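Have a look at the structure below, then the notes.
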Amino acid sequence: GAARGTGARRGSMTYHWASGFELTGGSMWVRCALSGPRAPAQMRLGLLQTSGRRGSGFANYSASADPSRVRALVYGHHGDPAKVVELKNQELAAVGGSDVHVKMLAAPINPSDINMIQGNYGLLPKLPAVGGNEGVGQVVAVGSSVTTVRPGDWVIPANAGLGTWQTEAVFSEEALIGVPSDIPLQSAATLGVNPCTAYRMLMDFEQLRPGDTVIQNASNSGVGQAVIQIAAALGLRTINVVRDRPDIQKLAERLKNLGAEHVITEEELRKHEMKNFFKDVPQPRLALNCVGGKSSTELLRQLAPGGTMVTYGGMAKQPVTASVVSQWGWCAWRRARTPQLSKLRLRSCPWGGIYCPSWSPSMFFLYPQSLLIFKDLKLRGFWLSQWKKNHGPGEWIMTPLPRVTQEGIAHYICHQRRRGDQFKELILTLCKLIRQGQLTAPACSEVPLQDFQRALEDSMKPFVSSKQILTM
């Protein structure tokens, strides 16, 4: 990920790849492995401290342009966002040859933004830092060597930690991706995180076909709403689990309007009647977990044999618990723990269950190993930042291709080629869904930048289905 915050830029990284080759008819054929470093162009953030001093890590900007004032939400240390985030005036650096001057239009507040400020995220910026990992801006000016965008274009961050909670900024060209300006502003502002996460999880872990079922918790979250819509566009059926609340019927109706087939509460998912439910609905092959704890356990219980549960969040702040037992087994365990039945002296089975010597040999229930072994369930994780790192542009791919010698002996030679930017391709795919009316932004509340305290507080309240979007 790129460095974030004022007075910082991304540190250099070294890559090695096979570079020995023989040219044959315009193709590149690998014959030997020569190694060499490739240092990617470094992203430069455009904010300077109010004093005008530049950190040692800053790139050299042209001093010809007069700096202008911008406002930014900055935090100097980790902690409660409502206490550590401040609205400050900053100076805008001049635009260099490969830089882009961007006027931010709108930027949402995501859970990852909150976690980053709290210091509980897998990617933390150098402090002080500008908040915000997502948003959309309009290009104001470009440097002389910029070729991918021009003034008037809309752009979104290419990676997390860019710092989008500010009115204006100067970024490097490689830190931005152009998006069409004919899609709704809220859709553009919320395009780069939640819909991308939803699409990749639906596509990368199970080979789903139209009619297959997906089950997810946190279904009213930004990712959850995107999963519902993208799944419907792909012909997939969804079982959407939400927490019970006073307006549950209103929420269920809203999710069904997005394309949800079934909306149930976590309490309903635990009931014995779910067995009858799955007589009419195919068992899900894919479960998407953003909560953890007991909620993730219930998702595992409902998976079809060979299914996969993908964890991409932990809203409950509890570990993923794979202690999967049947409803009868759970009741038996509860009864066995009561003082009246404590003399049952339960014993463990070598195949992963427990039993009581006084019971029939068939009367036992299974520990977590049972479903992982006998149903061959798989537990996976997903982080969009890591996916982008693995699928970004410029990496070399070695593709084995068959080649036949004059003697008629076939052997494989590695063809070397550059990989395209799969994240940009993903963005264009999602924009197509937006244009077709198959993907809309989550329910949003637009809040002016100066009212950021209210937006931060509302974003952390339970049972709030509206995403807070800061407008500049």
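Computed quantities for the displayed model
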item: Per residue accessible area of region 204-270, 1.4 Å probe, in Å²; result: 42 Å²
item: Accessible surface, per residue, of region 428-472 when the full set of protein chains is kept, probe 1.4 Å, Å²; result: 50 Å²
item: Estimated FRET transfer efficiency when R0 is 56 angstrom, pair Asn276-Thr147 (beta carbons, to 0.05); result: 0.40
item: C-alpha center-to-center spacing [region 249-269, region 149-203] in angstrom; result: 30 Å
item: Average silhouette area of region 242-285, convex hull of alpha-carbon atoms, in square nanometres; result: 3.6 nm²
item: Protection-proxy order for peptides 375-382, 96-103, each taking the mean of Cβ atoms within 10 Å per residue, highest first; result: 96-103, 375-382
item: Two-site label geometry, Gln118 and Phe463: point separation in nm, points 7 Å out along Cα→Cβ; result: 2.0 nm
item: Cubic angstrom per residue, convex hull over Cα atoms of region 202-249; result: 77 Å³
item: Distance (nanometres) between label positions extended 7 Å along Cα→Cβ at Asp247 and Leu379; result: 3.6 nm
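The values are calculated or read from the model by the stated rules, or taken from the named source; none is laboratory data. As the structure is a prediction and not an experimental result, all values here were calculated from the model. Here the Cβ is made from the backbone with ideal geometry for all residues, glycine too, and neighbour counts use every protein chain on show. These accessible areas exclude ligands, DNA and RNA; they are computed on the full protein's heavy atoms, side chains included. Shrake-Rupley method; radii C 1.70, N 1.55, O 1.52, S 1.80 Å.
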